[in-house]
Amino acid sequence: MVKRIAILGSTGTIGKMALEVISSYKDRFEVSGIAANRNIELLGTQIEQFSPGRVVVVDEERCSLLPSTSDTVVSCGSRALTELASDPELDILVVAMTGTVALEAVLAALRLGKRVALATKEILVSFGRYVMDALEEWGGELLPVDSEHNALHQCLHGRDISTVKKIILTASGGPFYKKDYRGARPEEVLSHPTWNMGSRITVDSATLMNKGFEVIEAYYLFGIEPGKIEVVIHPQSIVHSLVEFRDGSVIAQLACPDMRLPIAYALLYPERGTDIIEDLDLTKVGSLEFSRPDFERFPCLGLAYETLRNGGTATAVLQAADHEAVEQFLRGNLSFEHISEVAASAIEAHEFKVRPTISQIREAERLAREFVKKGVTWKKYSP
Ligand code: MG
């Protein structure tokens, strides 16, 4: 039976790769819907190529530039994402939109028992408890697309988390693994060594904030305590993560670094595809190195562990403050070395809530972004 897929964030790096994977499985998958924030030019091309029945443009102003046709209904605004996700005909929802705008869509899809292939880690960082509660209560399916968590899903292979001693997330280390980052320009940061990714995640990889978010993501996805989540630097990006079981066995997943593999895995699971990416030749890789991360040089990582231990609104504030700080850095308004400081002060300044509602989390996110913007305007953190 052909499975119907909707992609939220179809014009981004992961979204485009998801469409590529779907194209090579035409007998298995069909694109029933696509959504993007504002890139209507590319959406137009994707509509021609995949003729999805439904299209959503989140940015309402840009949306009016893309008219509906007899085959494709175009809807505007973030609420339309939830409608798209609630389509009774839909089988799989791919979520690859930056930020937490697709939260309600994720919850709606899980409530209807659909599979969600989740690439957007912000949703788990800010609203992990809500996503996991919905999953438990309604019995949808959540497949991680983030390469490390996808690797962990493969290593765990359905085994109970009580058999696990610890999980080990690998990190490439980013461009400043062995290099001074003071005064780093956006162009320098964006030339990331191993993975091809969007600009926010590339900056987050350079500060190790991305790895911090992944620790939080792993905590929710696998129900494992923070003390059992370890991070190691692995510059070759061949081992995508590992699980150490209580009996002493360590199982790792290895592959060439290419996001099309975790995407295909999440779409095809429990089956496996064929020839999704280039074969791994270990003799060409030669050696695999591992080292401990430097928490002093990369304070964002420790900050993420700390917010995870505090829970409540803290992780959402970290996520939102970082989002704004990265944007300000990319615009040249904030220095690279100040990103962690700005995020830490936003957490300190916020009104902490232990069991916040969804709207309280949204409000905490909004205030955190405002806090960072103000700090930047007052030239508190100038480059
Ligand atoms: Mg990752």
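Every number in this text was worked out from the coordinates using simple rules, so none of it is lab data. All values reported here derive from a predicted model rather than from experimental measurement. Quick reminder, even Gly has a Cβ in these numbers, built from the backbone with ideal geometry, and neighbours come from all protein chains shown.
Here are some notes:
- Residue 165 long-range amide H proximity, modeled H, under 5 Å: 244, 245, 246
- Averaging the sequence gap over all C-alpha pairs within less than 8 Å and six or more residues apart, then dividing by the number of residues, gives segment 311-383 a relative contact order of 48 percent.
- Sorting 365-372, 222-229 by average packing, meaning the other beta carbons within 10 Å per residue, from highest down gives 365-372, 222-229.
- Disulfide-incompatible cysteines by the Cβ rule (no partner under 4.7 Å) in the chain: 155, 256, 300
- Long pairs among 211/353; 166/353; 211/284; 26/166; 3/121; 179/284, criterion Cα-Cα beyond 32 Å: 26/166
- Projecting label points 7 angstrom from Cα along Cα→Cβ for residue 185 and residue 310 puts them 3.6 nm apart.
- Mean Cβ neighbour count within 10 Å, used as a protection proxy, ranking 2-8, 90-96 highest first: 90-96, 2-8
- The chain - Kirkwood radius from inverse mean 1/r over Cα pairs (Å): 21.2 Å
- The order of the peptides 262-272, 9-19, 314-324 by mean Cβ neighbours within 10 Å, most packed first, is 314-324, 9-19, 262-272.
- Note on residue 61 and residue 159: with the Förster distance fixed at 41 Å, the Cβ-Cβ geometry gives a FRET efficiency of about 0.25.
- Distance between segment 58-73 and segment 313-383 - C-alpha centres, whole angstrom: 33 Å
- Spatial separation of Cα centroids for segment 139-202 and segment 215-289, in angstrom: 9 Å
- Dividing the summed helix terms, -39500 (n - 2.57) for each DSSP H run of n ≥ 4, by the number of residues in the chain produces a 222 nm estimate of -13500 deg cm²/dmol to the nearest 500.
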